Amino acid sequence: MALKGKVALVTGSTSGIGLGIARALAAEGADVMLNGFGDAGEIEKLRGELADEFKVKVHYDGADLSKPDQVAAIVKKAQDELGSLDILVNNAGIQFVAPVEEFPEAKWDAILAINLSAVFYGMKAAIPGMKAKKWGRIINIASAHGLVASPHKVAYVAAKHGVVGATKVAAIELANDGITVNAICPGWVLTPLVQHQLEDRAKEAGTDVPTEEKKMLQETQPMLKFSTPEEIGALAVFLCSDGAQTITGVPLPIDGGWVAH
Ligand code: NAD
């Protein structure tokens, strides 16, 4: 229970990687503010299950992370309702795939707002409280696409490279404030975000999802298997631990070898 007494906000934690991280932090004793979209009843069930299983406080707020004022408001809500904000995991993200010349401007704006600007607004809102306590962990969920590119993902790749840059700036600014700032860079993780891409690819190629899963991994990930939300959660817990207190400003791949080749 290394994180007992700490409060974590995990954005986009009603699904996929964010949920994996929220579970892992709660399992270590952190109180958690959940966020994200979805069916209200399902989210309330999830909130109650996490609280019961790990005997921690779990609250939820449906802030739309594309709106800067809502990002600041959820940080304040975590502080007000749970007592502080010690761990900020900027995870909410969306994807859209098209060649640059066909990429819809509205999708560019939405991806930049949620995947990049919300990271800035979240850090801006959370840092003063962390500085006052002289302890903080900021974990920004970037991607292998924060380090390398793939075709048809111009907004996503630009946003994720931006997340890695913003992570480095905050890390060096906060180096002597007891606050570390790191980016986790997952390769493929089989979440709804990737499931949609697989379904689209299968439709386009006239194949099926299992075939496209194999092709997706063969294209980029030497270790031919998906990382899991549980593994990303374990890495987030490690970054919050005392053993990681001098790891800062790092984009950490967890990608089965993707960016190594
Ligand atoms: P997901 O679709 O399963 O989950 C995304 C979460 O973000 C959901 O909870 C959703 O409700 C929330 N969300 C979306 N828009 C939001 C908004 N405007 N405001 C608040 N919440 C919003 O996706 P995932 O795969 O778990 O992705 C999580 C993060 O991991 C994203 O930043 C993504 O870019 C990153 N990532 C994913 C993979 C992968 O292979 N799945 C790889 C690298 C990086």
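Descriptive notes on the structure:
- Residues in the range 5-43 that are polar (S, T, N, Q) and either in contact with a strand residue (DSSP E or B) (Cβ under 7 Å, 6 or more places away or on another chain) or away from the ligand (no atom under 15 Å from the Cβ) (or both): 11, 13, 14, 35.
- Residue match in the range 81-89 (condition: within 15 Å of the ligand (Cβ to nearest atom), modelled with pLDDT of 95 or more and assigned by TED's automatic domain parsing to the domain that holds residue 128): yes
- Residue-level check: of (1) open to solvent by 30 Å² or more (accessible area, probe 1.4 Å); (2) part of a helix (DSSP H, G or I); (3) in the same structural domain as residue 35 (by TED's automatic domain parsing); (4) not β-branched (Val, Ile, Thr), residue 123 misses just (1).
- Test: residue 77 is out of contact with any Phe, Trp or Tyr (no Cβ under 9 Å at 6 or more places or on another chain), more than 8 Å from the ligand (Cβ to nearest atom), in contact (Cβ under 8 Å) with a residue 24 or more places away in the chain and in a helix (DSSP H, G or I): yes
- Which numbered condition residue 66 misses (of (1) more than 19 Å from residue 251 (Cβ to Cβ); (2) polar (S, T, N, Q); (3) surrounded by fewer than 18 Cβ atoms within 10 Å (Cβ to Cβ)): (3)
- Note on the range 1-52: residues that are assigned to a helix (DSSP H, G or I) and surrounded by fewer than 16 Cβ atoms within 10 Å (Cβ to Cβ) total 8.
- Subset tally (residues that are assigned to a helix (DSSP H, G or I) and either open to solvent by 40 Å² or more (accessible area, probe 1.4 Å) or within 21 Å of residue 37 (Cβ to Cβ) (or both)) for the range 168-197: 10
- Unmet requirement for residue 132, which otherwise passes all of (1) of a type in the set (A, V, I, L, M); (2) part of a loop (DSSP other than H, G, I, E, B); (3) open to solvent by 30 Å² or more (accessible area, probe 1.4 Å); (4) more than 16 Å from the ligand (Cβ to nearest atom): (2)
- Residues in the range 216-239 that are open to solvent by less than 80 Å² (accessible area, probe 1.4 Å) and in a helix (DSSP H, G or I): 11 in all.
- Residue within the range 136-150 that is assigned to a helix (DSSP H, G or I), closer than 16 Å to residue 74 by Cβ and open to solvent by less than 60 Å² (accessible area, probe 1.4 Å) present: no
- Test set (1) out of contact with any helix residue (DSSP H, G or I) (no Cβ under 6 Å at 6 or more places or on another chain); (2) charged (D, E, K, R); (3) within 14 Å of the ligand (Cβ to nearest atom) - residue 214 fails condition number: (3)
- Which numbered condition residue 202 fails, given (1) without any contact (Cβ under 8 Å) to a residue 12 or more places away in the chain; (2) in a helix (DSSP H, G or I); (3) surrounded by fewer than 16 Cβ atoms within 10 Å (Cβ to Cβ); (4) not assigned by TED's automatic domain parsing to the domain that holds residue 137: (3)
- The set of residues in the range 22-45 that are in contact with a helix residue (DSSP H, G or I) (Cβ under 9 Å, 6 or more places away or on another chain) and within 22 Å of residue 80 (Cβ to Cβ) comprises 22, 25, 26, 29, 30, 31, 32, 33, 34, 35, 36.
- Qualifying residue in the range 236-244 (condition: without any contact (Cβ under 8 Å) to a residue 40 or more places away in the chain, out of contact with any strand residue (DSSP E or B) (no Cβ under 9 Å at 6 or more places or on another chain) and closer than 28 Å to residue 14 by Cβ): yes
The values are calculated or read from the model by the stated rules, or taken from the named source; none is laboratory data. Please read these numbers as outputs of a predicted model, since none were measured by experiment. Reconstructed Cβ throughout: ideal geometry from the backbone, glycine too, with neighbour counts over all protein chains shown. When the accessible area is computed, the model is the full protein with side chains, heavy atoms only, and any ligands, DNA or RNA have been set aside. Shrake-Rupley method; radii C 1.70, N 1.55, O 1.52, S 1.80 Å.
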